[in-house]
Structure formats: C-alpha cells, structure tokens
Amino acid sequence: MASAKQNNNELMEKIVSFSKRRGFVFPGSEIYGGFANSYSYGPYGSELKTNIKNLWWKNFVRSREDMVGIDGPIMLNPRLWAASGHTSGFNDAMVDCKECKKRFRADHLVEAATGKDLEGDLAKLNEALKDGKIKCPNCGKSNWTDARNLNLMFKTQMNGIDEDVYLRPETAGAIFADFKAVTDSMRVKIPFGIAQIGKAFRNEIIAGNFIFRLREFEQMEIEYFIDPEMKWEGKFEEWLELQEKFAMALGAPKDSLRRHEHPKEKLSHYSRKTVDIEYLFPFGWGELYGLAHRGDFDLTKHAEFSGTKLDYFDQVTNRRFVPHVLEPTFGLDRSILVALSAAYHEEDLGEGDIRTVMKFPVALAPVKIAVFPLLKNKPQLVDKAKEIFSVLQKEYTCEFDDNGNVGKRYRRQDEIGTPYCLTIDFDTLEDESVTVRDRDTMEQQRIKISDLKDYFKEKLV
Ligand SMILES: [Zn+2]
C-alpha cells in the first residue's frame, strides 16, 4: 500500500479542499466572498476541535494534582496590557510595496532574501530594504516605503470606559490577573500551574497557510509557578517532553517534531530560556508549541501596575516570594492542522482504486462508530440497527447511515476517520451478532450484540 505523504503544497491544497468538502473547515463568510483568512470549523471539525481540547484538559488539568483551570474574559482592564508590555512593545514591522501596494512583514522579507533575522530592529530592516536587493514577492520591483511598527492588538470601545479596550492577544493575561484569586480560593501548593483554553486575537500583517496563522485563534496555555530557588532545568525539560508527547497523541510522528531554542541574544531580558517545538507541516517547518522561562517578570509587573501584592507564602520553607513561571503554550488551531495533516492518507488499493482515509487517533475521531443496516428497505434490519444505534449513542459520537451500498458507506466513514463501522444484516436477526469493520486494517469480525459495550470500552479509550 502506497501512502501519498508529500511534504509540499499539493498535499496542503488537498487538505484544504478535503476539509471543506467533508465538513471539517470552511472558509469564513464564504457567501460574502470570504473574509481576511478566517475559517469556520464545520460539524466534523468542531468535534475534532472539542476532542483535542478535552484531551488537553484531561492530560494537563484533570489528571494532575498540581494544576487547576480557569476561564477568563477576552476583554480585560487595559492597564493589564500596559503592565505586560503589549501596549508599547507588541509590534511587527510592516512595509508596503510602492509599486503594487502589497503589504508585507519587513522582517520576513529581509530574512527570506538574506537569511538574517532582524525582527525588532527597525533601523537595520530599513537599511536592508533600501539597498535594492530585496524584491517584492508580488511584482518583482524594489521600491519600498519605510518599515514601521504596527501594534498587533485589536482595539475596541466599551460603554463607560474612556480608553481603548483590547481583545486579548494571548490568554496568559487573565491567568496572571487571577493569580491572587486562585491562591486565595484554592489550596494550591507550589509548584503548581493554572491552565486556560480560549480565543486570542492578533492583528497579523499577513495571515495565511490555512489555519496556521489566523488573526482570531485559540490557545491552550499554562502558567506553571515555581519557587525561584528551585532548580528549574529538570522541570523545563519535563514540560518540553509533555508538549512533544501531546503532539504525538495528535498523530504527529516523532521525526516530524524538532526543538528550536531561541539564541540568548534574541531572548527577552527576563527570559532564562525559550524553546519552540516545531512541526513539519505540509508547507514546511513551523512553530507549533512554545515553552518559556519568564522569571518573575509577569507577577512583578502586574503587582507594580495594579498595586496589589502578588506573592506566595510557602508554608514548607516559611518563605514569602514572588514565584517564577514556566509558560507552556499550545496553539489549538495549529494542533488541528497537525491532526489533519498527520491523519490524511491516500491508499492505493490497486486497479485505480484510491482510498482516502483519515487515520485519527481514536480519541480525536469526530465520529467513533457508524451504524449501518445492510438494506434500508428492510424494516426488520433498520429497526434492529436503530435499536443498537440508540444504545451506543448514549456513550459515543455515532452516525447512522443507510444510504447506498455498504462499501460506499465504509469509504465515507474512512474519509472522516471513523474507527469502527457496524453492519446489521440478516444473520444478525438469527445470531444476535453484527459485523464490526476496522478503519485501518479494513478487517471485519463478528461480535455479539451483548459484547459490544465491552468491546468498544476497550477499543475506544
Ligand atoms: Zn510589489
């Protein structure tokens, strides 16, 4: 069996059109001609997304004694973004082509042409853009405006508030703002973490690569608070491994992941270490997750700007201190793109027969079990199938399908990654057994109806 796993744009295009055709990801506002690289998750896509969130929450919150979760607001007191440095410093350098009027990120243009990463250095970016060597990717000319900084936060207004209100550019802000509320209300003992899943908004100069870079996106973030005197290197490594393990639980092969440590000179002054975990997307390597040691920068700044003490009293050592923090962040939309690209397989079954199958890990599959009556015009088969369906549906996401021949129904389920299909035929009426067909092996076996619950309990953990 050949698998069409090309790391190229052809595969990316296939995934984009597949995602639309099979109800995973739709272009946003499509009936109005689309809107600014936005996307909707369709019926199967939103199931997939929910499954990824649930897996993350189970792994990092429910199954750990050192973690709690919160769900904070998208709009927060604007002072908070002044404290974190976002109001003044959360910028990307943009530049416009004077010939064709297209807008680009200046640092990306310069890096593509020279290999030099000048992110954050406006003077050097302008110097590089002036020498005529950097051509417009759209029109080929080299006639640039000055590069200038664009703050990436979306602004809005709120009744009763005079100043600009921002849509949060990351979920972390609410975690720091609620640090005191959490330590006051919960019996958390350091080291402990606060987790949050939610939307964040960045007014990116260029969005693109499908759901990879979005202006409205979702993050799964953790602030993990540690004693400043703790040897943190081991914990840091532990978190990196957990992040990689999570990517692998989405289907990413180990060799499609790599670490990129930020060089010392690129680190923020407060960060001791920052590592990106990159994934080999169909369009090439891209940042998937990140882990940063942020010292006590955030709590110290929020204490200073809010006038509220943000420290921690350690009853074990009898010391009061401002904790340091490790910050593992996970992009949810990028996780979905990993799940889609890792799962997508085309299998050549011979004689021109290509099977498209999404080999999702079972925990991620939007539909777990499909139930088919062999024939839709035989009421005794349909009734029996409905009866089994209604029992399984109580525990699993199931789909009932009586349309077309069983072979075609299998293929439809393969395409959306359903791990098991169950067929009710005439023998079922005699022997109280059904045919269960496995998505990956395509093997079929007869299972007693009374054993189905136990069978799936074992298979669909
Ligand atoms: Zn141009």
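Of 235, 231, 266, which residue is without any contact (Cβ under 8 Å) to a residue 60 or more places away in the chain, of a type in the set (Lys, Arg) and out of contact with any Lys or Arg (no Cβ under 7 Å at 6 or more places or on another chain)?
Answer to the selection: 231.
From the list 195, 147, 207, pick out the single residue that is more than 21 Å from residue 78 (Cβ to Cβ) and not assigned by TED's automatic domain parsing to the domain that holds residue 306. Full working, then the answer.
Numbers: 195 fails: not assigned by TED's automatic domain parsing to the domain that holds residue 306; 207 fails: not assigned by TED's automatic domain parsing to the domain that holds residue 306.
Among 195, 147, 207, only 147 is more than 21 Å from residue 78 (Cβ to Cβ) and not assigned by TED's automatic domain parsing to the domain that holds residue 306.
Output the number of the condition that residue 381 fails; it satisfies all remaining conditions of (1) in contact (Cβ under 8 Å) with a residue 60 or more places away in the chain; (2) surrounded by 21 or more Cβ atoms within 10 Å (Cβ to Cβ).
(1)
Could you grab the pairs with beta carbons closer than 8 Å, sequence gap of 6+ or different chains, first residue in region 53-71 and among the small types (Gly, Ala, Ser), second one part of a helix (DSSP H, G or I)?
That search, which allows pairs on different chains as well, returns 69/57; 69/61.
Mind counting the residues in region 17-34 that are assigned to a loop (DSSP other than H, G, I, E, B) and within 18 Å of residue 199 (Cα to Cα)?
Count: 1.
Looking at 62, 22 in this structure, which one is in the same structural domain as residue 179 (by TED's automatic domain parsing), more than 30 Å from residue 348 (Cα to Cα), modelled with pLDDT of 95 or more and not β-branched (Val, Ile, Thr)? Explain how you work it out, then say what you get.
On the way: 22 fails: more than 30 Å from residue 348 (Cα to Cα).
Being in the same structural domain as residue 179 (by TED's automatic domain parsing), more than 30 Å from residue 348 (Cα to Cα), modelled with pLDDT of 95 or more and not β-branched (Val, Ile, Thr) holds for just one of 62, 22, which is 62.
So residue 120 clears everything in (1) away from the ligand (no atom under 16 Å from the Cβ); (2) farther than 30 Å from residue 222 by Cα; (3) small (Gly, Ala, Ser) except one condition, right? Which one?
The number of the failed condition is (2).
Where in region 256-335 are the strands (runs of 3 or more DSSP E), entirely inside, with at least 2 residues that are out of contact with any Gly (no Cβ under 9 Å at 6 or more places or on another chain) and buried (at least 19 other Cβ atoms within 10 Å of the Cβ)?
Ranges flagged: 284-295.
Which of the numbered conditions does residue 391 fail, given that it passes all the others? Conditions: (1) of a type in the set (Val, Ile, Thr); (2) in contact with a strand residue (DSSP E or B) (Cβ under 9 Å, 6 or more places away or on another chain); (3) assigned to a helix (DSSP H, G or I).
Only one criterion in (1) of a type in the set (Val, Ile, Thr); (2) in contact with a strand residue (DSSP E or B) (Cβ under 9 Å, 6 or more places away or on another chain); (3) assigned to a helix (DSSP H, G or I) is unmet by residue 391, namely (2).
Which of (1) farther than 25 Å from residue 172 by Cβ; (2) surrounded by 14 or more Cβ atoms within 10 Å (Cβ to Cβ); (3) within 16 Å of the ligand (Cβ to nearest atom) is the odd one out, the single condition residue 132 does not satisfy?
(2)
Look through region 150-176, keep the residues that are closer than 22 Å to residue 216 by Cα and small (Gly, Ala, Ser), and return whichever of them is surrounded by the fewest Cβ atoms within 10 Å (Cβ to Cβ).
174
Taking the condition over 17 Å from the mean Cα position of the chain (by Cα) and under 24 Å from residue 190 (Cα atoms), does residue 259 pass?
The answer is no for residue 259.
In region 135-178, how many residues are in contact with a helix residue (DSSP H, G or I) (Cβ under 8 Å, 6 or more places away or on another chain), away from the ligand (no atom under 16 Å from the Cβ) and of a type in the set (Gly, Ala, Ser)?
Summing the residues that are in contact with a helix residue (DSSP H, G or I) (Cβ under 8 Å, 6 or more places away or on another chain), away from the ligand (no atom under 16 Å from the Cβ) and of a type in the set (Gly, Ala, Ser) in region 135-178 gives 3.
The values are calculated or read from the model by the stated rules, or taken from the named source; none is laboratory data. This structure is a prediction, so every number in the text was calculated from the model and none was measured. Here the Cβ is made from the backbone with ideal geometry for all residues, glycine too, and neighbour counts use every protein chain on show.
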